[in-house]
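Engineer: Pasting a structure here, questions to come.
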Amino acid sequence: MPSTDPVANLQNLIRCPSVTPAEGGALTALAAMLSPLGFQVQRMMAREDGTPDVENLYARLGTEGPHLMFAGHTDVVPVGTESDWSHPPFAAEIADGMLFGRGAVDMKGGIACFVAAMARVIARNGAPKGSVSFLITGDEEGPSINGTIKLLKWAADKGERWDACLVGEPTNPESLGDMIKIGRRGSLSGAITVHGVQGHAAYPHLADNPVRGAIKLAEALMNPPFDAGTENFQPSNLEVTTIDTGNAATNVIPARVTAKFNIRFNDRWSEDSLKAEIRRRLEAAAADPLLRPGRQPIRFELVWADRPSQVFLTRNEALTGALSTAIEAITGKTPQLSTTGGTSDARFIKDYCPVVEFGLVGQTMHMVDERVAVADLETLTAIYERFIEGWFANAGA
């Protein structure tokens, strides 16, 4: 059964140029792997005005519970300058024990290994006593509007319910078995526009430079720190990511300036409490005359970005225990249970069932010459096999 080989599975997927939001043949290739295993495969096209249409895939084996979901994405980031690659980014060539290609670790490799693991479990013992589903999007590397969030709702509206989910993102920093992601910090973005009075740089008394105010407000957002971290999470961290006047002239004081920021926040904060704290800081700084002696308080507007990501932590011993046990059995390592890193589609899945993330080593993701050790593909497949069997043994007990 060809799908028992994770290397062949991954080569088939990499050879599909599915640069987000293009399907590129990747979902078709995945469906061809899953259908012979008995999965009922459905394709779903998601649309929203102002965004690209995105094709997604949902496949299920079995009709009863317990129900384990594997989630991931077949879309990949652009390759950059193709001539910089030592091997063509969509050729899936193997050299010196490494398989090269865009998506090798992020995250077609995880999908290839889970398919191989399922194929081996079925070949050895038959289908698990319950259900397994694949929830695969083509929009994780894009706006994340027409992908997992809509596919989940589409499936739930059809009556799908899940007991647990494993996301196959590359979670390991150095080697397989290092880390399971059991949660993520939240993410909130906003933009501050500071208003001034345009004028000649040589006559500042006739103008009001909004850059001074923007600097003051930006400083207030970044200092002091929001917190020192919590038991399960890193400290919350705010970064000002751009300050822009739209002014190309060096002798003109601009009329306005916009500063954008993003904060990754831990479980000390909710969206509402964090927004309140940020506004409090801005209003206090706006009234401080240090950078604007003799001037009125800084005039600013604060606009929040849509779709903030909420902080979450998975506390489900059946799920984390089965995965940790499988990792220890195959690698001999005890994985760290971590909430580090950025956001992933797990932030949507946690509203439907407990979710954890575990996949390949992520050192080359999004890079030129993205690659994975062929040996790691076999090891991850073995981990997934042990996890599938262990989870169903405990969930069905």
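The values are calculated or read from the model by the stated rules, or taken from the named source; none is laboratory data. Note that the structure is predicted; figures quoted are calculated from it, not measured. Cβ sites come from the backbone with ideal geometry, for glycine too, and all protein chains shown count toward neighbours.
Engineer: Quick check on Leu274: is it of a type outside the set (S, T, N, Q) and closer than 18 Å to Arg184 by Cα? Lay out the reasoning, then the answer.
Structural biologist: Working: of a type outside the set (S, T, N, Q): yes; closer than 18 Å to Arg184 by Cα: yes.
Yes: the conditions hold for Leu274.
Engineer: Go through the stretch 305-346 residue by residue and tally those that are buried (at least 22 other Cβ atoms within 10 Å of the Cβ) and either without any contact (Cβ under 8 Å) to a residue 40 or more places away in the chain or closer than 26 Å to Phe261 by Cα (or both).
Structural biologist: Of the residues in that region, 4 qualify.
Engineer: Next up: Looking only at the stretch 141-152, which residues are within 12 Å of the chain's Cα centre (by Cα) and either more than 9 Å from His73 (Cβ to Cβ) or surrounded by fewer than 24 Cβ atoms within 10 Å (Cβ to Cβ) (or both)?
Structural biologist: Correct list: Glu141, Gly142, Pro143, Ser144.
Engineer: Take the conditions touching a residue at least 12 places away in the same chain (Cβ under 8 Å), buried (at least 22 other Cβ atoms within 10 Å of the Cβ) and assigned by TED's automatic domain parsing to the domain that holds Gly62 and apply them to Arg161. Does it pass?
Structural biologist: For Arg161, the condition - touching a residue at least 12 places away in the same chain (Cβ under 8 Å), buried (at least 22 other Cβ atoms within 10 Å of the Cβ) and assigned by TED's automatic domain parsing to the domain that holds Gly62 - is not met.
Engineer: Condition test on Gly390, is it under 17 Å from Met107 (Cβ atoms) and at pLDDT 95 or above? Step through it out loud before you land on a result.
Structural biologist: Numbers: under 17 Å from Met107 (Cβ atoms): no; at pLDDT 95 or above: yes.
In short, no.
Engineer: Kindly provide the set of residues from the stretch 228-287 that are assigned to a loop (DSSP other than H, G, I, E, B), more than 23 Å from Ser338 (Cβ to Cβ) and either among the aliphatic types (A, V, I, L, M) or not assigned by TED's automatic domain parsing to the domain that holds His200 (or both), ordered by number. Let's see the steps before the verdict.
Structural biologist: Applying the first criterion (assigned to a loop (DSSP other than H, G, I, E, B)) to the stretch 228-287 yields 228-236, 245-251, 254-255, 266-270, 287.
Filter once more, keeping what is more than 23 Å from Ser338 (Cβ to Cβ): 245-251, 254-255, 287.
Result: Ala248, Ala249, Ala255, Ala287.
Per-residue answers, yes or no, for (1) at pLDDT below 95; (2) in contact with a Leu (Cβ under 7 Å, 6 or more places away or on another chain); (3) of a type in the set (Lys, Arg):
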{"position": "Leu135", "(1), (2), (3)": "no, yes, no"}
{"position": "Ala156", "(1), (2), (3)": "no, no, no"}
{"position": "Glu169", "(1), (2), (3)": "no, no, no"}
{"position": "Asp178", "(1), (2), (3)": "no, no, no"}
{"position": "Gly183", "(1), (2), (3)": "no, yes, no"}
{"position": "His195", "(1), (2), (3)": "no, no, no"}
{"position": "Asp208", "(1), (2), (3)": "yes, no, no"}
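Engineer: Could you please tell me which pairs satisfy a Cβ distance under 7 Å, a separation of 6+ or placement on different chains, a first residue in the stretch 378-397 that is without any contact (Cβ under 8 Å) to a residue 24 or more places away in the chain, and a second residue that is basic (Lys, Arg) and part of a helix (DSSP H, G or I)?
Structural biologist: Hits for this filter: zero, empty list.
Engineer: In the stretch 64-87, what residues are out of contact with any Gly (no Cβ under 7 Å at 6 or more places or on another chain), outside any strand (DSSP E or B) and surrounded by 14 or more Cβ atoms within 10 Å (Cβ to Cβ)?
Structural biologist: Residues satisfying the conditions are Val77, Val79, Trp85, His87.
Engineer: Got at least one residue in the stretch 111-128 being surrounded by fewer than 24 Cβ atoms within 10 Å (Cβ to Cβ) and touching a strand residue (DSSP E or B) at 6+ places or on another chain (Cβ under 7 Å)?
Structural biologist: yes
Engineer: Which condition breaks for Pro297 when tested against (1) over 30 Å from Asp345 (Cβ atoms); (2) in contact (Cβ under 8 Å) with a residue 24 or more places away in the chain?
Structural biologist: If we test Pro297 against (1) over 30 Å from Asp345 (Cβ atoms); (2) in contact (Cβ under 8 Å) with a residue 24 or more places away in the chain, just (2) comes out false.
Engineer: Another question, then. So which of Gly213, Gly190 is small (Gly, Ala, Ser) and not in a helix (DSSP H, G or I)? Quick ask: steps written out before the conclusion?
Structural biologist: On the way: Gly213 fails: not in a helix (DSSP H, G or I).
From the options Gly213, Gly190, the qualifying one is Gly190.
Engineer: Only one of (1) in contact with a helix residue (DSSP H, G or I) (Cβ under 8 Å, 6 or more places away or on another chain); (2) at pLDDT below 95; (3) surrounded by fewer than 17 Cβ atoms within 10 Å (Cβ to Cβ) fails for Arg292. Which number is that?
Structural biologist: Failing condition for Arg292: (3).
Engineer: Sort out which residues of the stretch 88-109 are in a loop (DSSP other than H, G, I, E, B) and either at negative phi or not assigned by TED's automatic domain parsing to the domain that holds Ala375 (or both), and write them in order of number. Break it down stepwise before answering.
Structural biologist: Taking the stretch 88-109 and keeping what is in a loop (DSSP other than H, G, I, E, B), we get 88-93, 96-97, 101-107.
Once the filter is applied, which keeps residues that are in a loop (DSSP other than H, G, I, E, B) and either at negative phi or not assigned by TED's automatic domain parsing to the domain that holds Ala375 (or both), the stretch 88-109 yields Pro88, Pro89, Phe90, Ala91, Glu93, Arg102, Ala104, Val105, Asp106, Met107.
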